[in-house]
Amino acid sequence: MSLTINTTINGKSVSASAEASTSLLEFLRDTLEMKGTKLCCNTGECGACTIIYNGKPINSCVTMAADAIGAEITTIEGLADGDKLHPVQQAFIDTGAVQCGYCTPGFIISVKVLLDRTKKPTAEDIEEAVSGNICRCTGYNKIVDAIHLAAEKL
Ligand code: FES
Ligand code: FES
């Protein structure tokens, strides 16, 4: 069965059709050609596919495209302001928190939600905010450095 998905992504109204079985991640990547959100485990374990859904970070691989109907969604493509990267994106670059980069969009989304909530996150806040995001490359120290640097810049 095909559905019409009317939703808002990165502040723009979007309307496209999707099969009822399509995940939100497939809808973003395959239907809308928005490849910034990454597909990795596809089982809700790694956080590579994290997006902001009605203000909260969620794993789009285990969310159905149909759930996007009427929702407000922000993806990694929605963070930069033209050519100017979002402070969280810039901080990840400046601290060397990006290696393969596969996990990075998901981390950045989770960190953005955290720093929208508080500009002075505690160690516990940070641990909780990125607890659903797995990075296999950097270790987490540089990512934590990036979070502190971004908090200073915001
Ligand atoms: S790809 Fe969605 S949680 Fe890993
Ligand atoms: S930078 Fe490679 S998995 Fe995180």
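A few comments on the model shown:
- The range 54-82 residues that are among the charged types (D, E, K, R), paired with ones that are within 16 Å of ligand 2 (Cβ to nearest atom) (beta carbon under 8 Å, 6 or more apart): Glu77/Gly36
- Residues of the range 124-136 that are open to solvent by 70 Å² or more (accessible area, probe 1.4 Å) and either over 16 Å from the mean Cα position of the chain (by Cα) or in the same structural domain as Gly55 (by TED's automatic domain parsing) (or both): Glu124, Glu127, Arg136.
- Subset of the range 123-144 [of a type in the set (S, T, N, Q) and within 13 Å of ligand 2 (Cβ to nearest atom)]: Asn133, Thr138, Asn141
- Test result for Met1, surrounded by fewer than 18 Cβ atoms within 10 Å (Cβ to Cβ), aliphatic (A, V, I, L, M) and over 13 Å from the mean Cα position of the chain (by Cα): yes
- Close pairs from the range 19-37: first without any contact (Cβ under 8 Å) to a residue 24 or more places away in the chain, partner of a type in the set (Ser, Thr, Tyr) and open to solvent by less than 10 Å² (accessible area, probe 1.4 Å), Cβ under 7 Å, at least 6 apart: Arg29/Thr37
- Just one residue in the set Pro105, Pro121 is open to solvent by less than 30 Å² (accessible area, probe 1.4 Å), within 16 Å of ligand 1 (Cβ to nearest atom) and not assigned by TED's automatic domain parsing to the domain that holds Asn54; that residue is Pro105.
- When the test is whether a residue is within 16 Å of ligand 2 (Cβ to nearest atom) and either surrounded by 20 or more Cβ atoms within 10 Å (Cβ to Cβ) or of a type outside the set (S, T, N, Q) (or both), Asn42 does not pass it.
- Which listed residue is within 18 Å of Ile109 (Cα to Cα), of a type in the set (S, T, N, Q) and surrounded by fewer than 19 Cβ atoms within 10 Å (Cβ to Cβ), from Asn54, Asn59: Asn54
The values are calculated or read from the model by the stated rules, or taken from the named source; none is laboratory data. Note that the structure is predicted; figures quoted are calculated from it, not measured. Because the Cβ atoms are built from the backbone with ideal geometry, glycine has one as well, and the counts that use them run over all protein chains shown. What goes into the accessible areas is simple: the full protein's heavy atoms, side chains included, and nothing from ligands, DNA or RNA. Shrake-Rupley method; radii C 1.70, N 1.55, O 1.52, S 1.80 Å.
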